[in-house]
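S.K.: One structure coming up, written as structure tokens, with questions to follow.
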Amino acid sequence: MARLLVTGGAGFIGSNFVHYVVNRTSHDVTVLDKLTYAGNRASLDGLAKHRVSFIQGDVADPALVDDVVSSTDAVVHYAAESHNDNSLADSHPFLHTNLIGTYTLLEAVRRHGTRFHHISTDEVYGDLELDDHQRFTEETPYNPSSPYSSTKAGSDLLVRAWVRSFGVAATISNCSNNYGPYQHVEKFIPRQITNILRGIRPKLYGEGRNVRDWIHADDHSSAVMSILEKGRIGETYLIGADGEKDNKAVVELVLTLMGRPADAYDHVKDRAGHDLRYAIDSTKLRDELGWHPQYRNFEQGLSATIEWYRDHEEWWSPSKELTEAFYARLGQ
Ligand code: NAD
Ligand code: TDX
């Protein structure tokens, strides 16, 4: 049994990971989270209090981070500014949290000899053509497009340098697009579900041909646990569940599952520099660590996610108005 420090544990994927750890392992968890607009303590409600402790703070605060890292066995680093559209509007928080925050954690784990797992994204590889038969692998060159993905790429490179130069015991994972409960309403799938629940038409950027490779957040969590337990130090593992879908198909499926006509959505202004397609080849993770996704049916996973948003209006409602006001200013 160990104590895991989960940074960003009040965010979407971090909170799903904390639920996963508490429900399926004997590890205890300390969450370090700044509670930005994207963090929500309610996402950790219902978890046994003696298993999870919560610290509100910034991963870029060296004294706090040193103190928290000194009393944990391993760090799983989810905290980040995570939304591409926000990074186009104001990049500064992305440089602070994604770069300085990761640097601050690396210095602390270096001092204390603590195991470190860095959570990253497939967006560091840039994008693929729609008809490209290749998918991203661990060998794909970095080629990020947005301020968000470039700061995530930078954070990955910091981790690699700290492994090589200082012997930090770190691993990295780059995952594709996650869906599931507790995702902020700014993101594609929750935005459309909550729009429909509010009587607003879903909004599709451009023609909606862009492809994302969807994975359920629980499958991301199980993959991260496998890497923590069995991954080789210094290695990168790509996480994906063969879930490629174009945005138009996803919005049509959401509408259909919610009993609306499949074409009851609006096309809005496209995202600047919009990545066309992401696709993950997770052979290394599957062959080396024996990991497999549990959620193989996207429609079922999406239906359960829709039900979750139906049942948890009090969780998402406070963010909805501000989020839509932001998009309205962008014309999206
Ligand atoms: P999120 O925006 O939902 O959550 C981020 C969390 O980090 C929030 O709780 C926020 O309060 C916290 N945070 C932000 N700045 C902080 C700081 N300076 N100090 C401490 N806490 C801070 O993000 P998410 O979608 O859950 O993504 C989590 C991680 O997974 C990120 O590193 C992201 O790059 C990566 N990732 C996300 C996806 C996806 O589909 N969402 C896919 C692959 C990888
Ligand atoms: O209203 C919308 N309409 C729309 O068509 C929104 C919010 C998005 N989109 C499109 C843009 C993308 O092609 O849907 C797709 C998904 O958009 P996001 O949910 O913003 O995700 P994406 O930009 O693909 O990035 C996500 O996956 C990789 C996460 O937000 C990142 O944190 C992660 O690294």
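The values are calculated or read from the model by the stated rules, or taken from the named source; none is laboratory data. Here the structure is a predicted model, which is why all the values come from computation and not from measurement. Using ideal geometry, Cβ is built from the backbone for each residue, glycine included, and neighbour counts are taken over all protein chains shown. Remember, those area values only see protein heavy atoms, side chains included, never the ligands or the DNA or RNA. Shrake-Rupley method; radii C 1.70, N 1.55, O 1.52, S 1.80 Å.
S.K.: Per the 1.4 Å probe, what fraction of the accessible area of the range 268-320, in percent, lies on carbon and sulfur atoms?
M.R.: 45 percent
S.K.: Quick one: check the C-alpha center-to-center distance for the range 273-330 versus the range 35-65, whole angstrom.
M.R.: Using only Cα atoms to place each centre, the spacing works out to 22 Å.
S.K.: Please report the equivalent ellipsoid semi-axes of the chain, computed as sqrt(5 x eigenvalue) of the Cα gyration tensor, largest first, in whole Å.
M.R.: After diagonalising the Cα gyration tensor, the semi-axes are 30, 22, 19 Å.
S.K.: Could you look at the range 1-69 and say what percent of its accessible area is carbon and sulfur, using a 1.4 Å probe and all protein chains?
M.R.: For the range 1-69, the apolar C and S fraction of the accessible surface comes to 50 percent.
S.K.: Follow-up. Over the range 159-222, what number does the Rg to Rh ratio reach, with both radii from the alpha-carbon atoms and Rh per Kirkwood?
M.R.: Over the Cα atoms of the range 159-222, Rg/Rh equals 1.18.
S.K.: Given the -39500 (n - 2.57) contribution per DSSP H run of 4+ residues, what per-residue ellipticity at 222 nm results for the chain, rounded to the nearest 500 deg cm²/dmol?
M.R.: That comes out to -12500 deg cm²/dmol.
S.K.: What is the angle, in °, between the Cα long axis of helix 247-257 and the longest principal axis of the Cα atoms in the chain? Nearest 10 is fine, range 0 to 90.
M.R.: On a 0 to 90 degree scale, this one is about 70.
S.K.: Starting from the Cα-Cα distance between residue 49 and residue 230, subtract it from 0.36 nm times their residue separation and give me the gain in nm to one decimal.
M.R.: Stretched out fully, the residue 49 to residue 230 stretch lengthens by 62.3 nm.
S.K.: Let me ask you something else. Keeping all protein chains in place, calculate the accessible area per residue for the chain (probe 1.4 angstrom), answer in Å².
M.R.: I get 42 Å² per residue for this part.
S.K.: Which angle from 0 to 90°, rounded to the nearest 10, does the C-alpha axis of helix 12-24 make with the longest principal axis of the chain?
M.R.: The two axes meet at around 60 degrees.
S.K.: List the lysines whose alpha-carbon lies under 21 Å from that of residue 230, not counting same-chain residues fewer than 8 positions away?
M.R.: Straight-line reach from residue 230, under 21 Å: 284.
S.K.: Return the lysines within reach of residue 49: Cα separation strictly under 21 angstrom, same-chain partners fewer than 8 residues apart disregarded; answer none if there are no such residues.
M.R.: The qualifying lysines are 34.
S.K.: Please give the peptides 232-245, 288-301, 12-25 ranked by average Cβ packing (other Cβ atoms within 10 Å per residue), highest first, as a rough proxy for protection.
M.R.: Top of the packing list down: 12-25, 232-245, 288-301.
S.K.: Quick check: net charge around residue 262, other residues with Cβ under 10 Å of its Cβ, Lys/Arg +1 and Asp/Glu -1?
M.R.: 0
S.K.: With axes computed from alpha carbons, what is the tilt in degrees of helix 188-198 against the longest principal axis of the chain, rounded to the nearest 10 within 0 to 90?
M.R.: Helix 188-198 and the main axis of the chain meet at about 50 degrees.
S.K.: Here is a further query. Given the range 198-332, what whole percent of its Cα pairs are spread farther than 22 Å?
M.R.: Taking all Cα-Cα pairs of the range 198-332, the fraction more than 22 Å apart is 52 percent.
S.K.: Quick check on the range 263-332: take the gyration tensor over C-alpha atoms, sort the square-rooted eigenvalues as a ≥ b ≥ c, and tell me if it's rounded (a/c under 1.5), prolate or oblate.
M.R.: Since a/c reaches 1.5 but b/c is at least a/b, the shape of the range 263-332 is classed as oblate.
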